[in-house]
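The structure under discussion is supplied below as structure tokens; questions concerning it will follow.
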Amino acid sequence: MADQLISNRFLRFCCIGGLGFVVDAGITYGLVALGAPSLWARIPAILVALTVCYRFHHGFTFRKEGKAPWRGWYKFLISNGIGSIINYGSYAGVLLIWPGSPLIIPLAVGSCVALAANYVLSACYVFK
């Protein structure tokens with residue numbers, strides 16, 4: 001039973017993470033199209049994506065009731081900040097190794113690398 005709960009919760013976490021990826025990529029692409037350097041465009045993109053993800057993780061992934069509290073959002077930003085640093089570092093690393101790559105590739109690599117850290121920190125710290 002516990003294994004199924006964890007598995008279902010992880011699947012829900014990945015679904016909301018996919019939504020966050022779309023938000024992150026959309027904002028990154030939009031800001032780059034407006035002339036922002038891609039490394040700078042990631043900063044607001046990550047912050048907005050984290051905010052969107054927090055709201056959906058609160059009610060859908062971890063099944064908390066009521067409106068998502070700001071205190072939880074703050075804890076989520078701190079804990080997922082570690083994952084965001086991993087995400088950003090992976091993104092920058094791919095761009096360093098392959099400067100002409102389409103942005104979707106370093107975006108996907110960064111998100112995938114950060115997934116485990118974000119899940120563990122969310123489950124053990126933010127939504128425990």
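The values are calculated or read from the model by the stated rules, or taken from the named source; none is laboratory data. All values reported here derive from a predicted model rather than from experimental measurement. Here the Cβ positions follow ideal geometry from the backbone for every residue, glycine too, while neighbour counts run over all protein chains shown. Ligands, DNA and RNA are excluded from the accessible area calculation, which covers all protein heavy atoms including side chains. Shrake-Rupley method; radii C 1.70, N 1.55, O 1.52, S 1.80 Å.
So for the pair Ala36, Leu19, with labels modelled 7 Å out along Cα→Cβ, what separation do we get in nm?
2.2
Okay, moving on. Looking only at Cα atoms, what is the convex hull volume of the chain per residue, in Å³? Don't jump to the answer; show the numbers that get you there.
Values: hull volume 12.2 nm³, N = 128.
Expressed per residue, the convex hull around the Cα atoms of the chain is 96 Å³.
From zero outward in steps of 10 Å, how is the percent of C-alpha pairs of the stretch 64-128 spread across the bins?
In whole percents, the pair-distance histogram is 23, 39, 25, 11, 2.
Relative to a virtual label point 7 Å from the Cα of Val120 in the Cα→beta-carbon direction, which members of the stretch 43-82 show backbone nitrogen distances below 19 Å?
76-82, by backbone N distance to the label point.
OK, next. With angles folded into 0 to 90 degrees, how steeply does helix 70-97 sit against the dominant principal axis of the chain? Use alpha carbons for both and round to 10.
Tilt of helix 70-97: around 30 degrees.
Read phi for every residue in the stretch 116-128 and hand back ³J(HN,Hα) as whole Hz from Karplus 6.51 cos²θ - 1.76 cosθ + 1.60, θ = phi - 60°, with x for Gly and Pro.
4, 4, 5, 5, 4, 5, 5, 5, 8, 10, 7, 10, 5
Can I ask one more? Provide the packing ranking of 96-105, 73-82, i.e. peptides ordered by the mean count of other C-beta atoms within 10 Å per residue, highest first.
Working: 96-105: 10.5, 73-82: 17.3.
Highest to lowest by the protection proxy: 73-82, 96-105.
Follow-up. What is the Cα convex hull volume of the stretch 30-73 when expressed per residue in Å³? Write out the running numbers ahead of the final one.
Working: hull volume 3.6 nm³, N = 44.
In the stretch 30-73, the Cα hull volume divided by residue count equals 81 Å³.
Here is a follow-up. Give the carbon-plus-sulfur fraction of the accessible surface of the stretch 63-128 in %, rounded to a whole number; probe 1.4 Å, heavy atoms of protein chains only. Write down the numbers at each step before the final one.
Details: 2810 of 3920 Å².
After summing per-atom areas, the C and S share lands at 72 percent.
Rank by packing, highest mean first: peptides 33-39, 85-91, with packing defined as the count of other Cβ atoms within 10 Å averaged across residues. Walk me through the numbers before you get to the answer.
Values: 33-39: 11.4, 85-91: 19.1.
So the peptides 33-39, 85-91, ranked by packing, come out 85-91, 33-39.
Against the longest alpha carbon principal axis of the chain, how many degrees, from 0 to 90 and to the nearest 10, is the axis of helix 2-33 turned?
The angle comes out at about 30 degrees.
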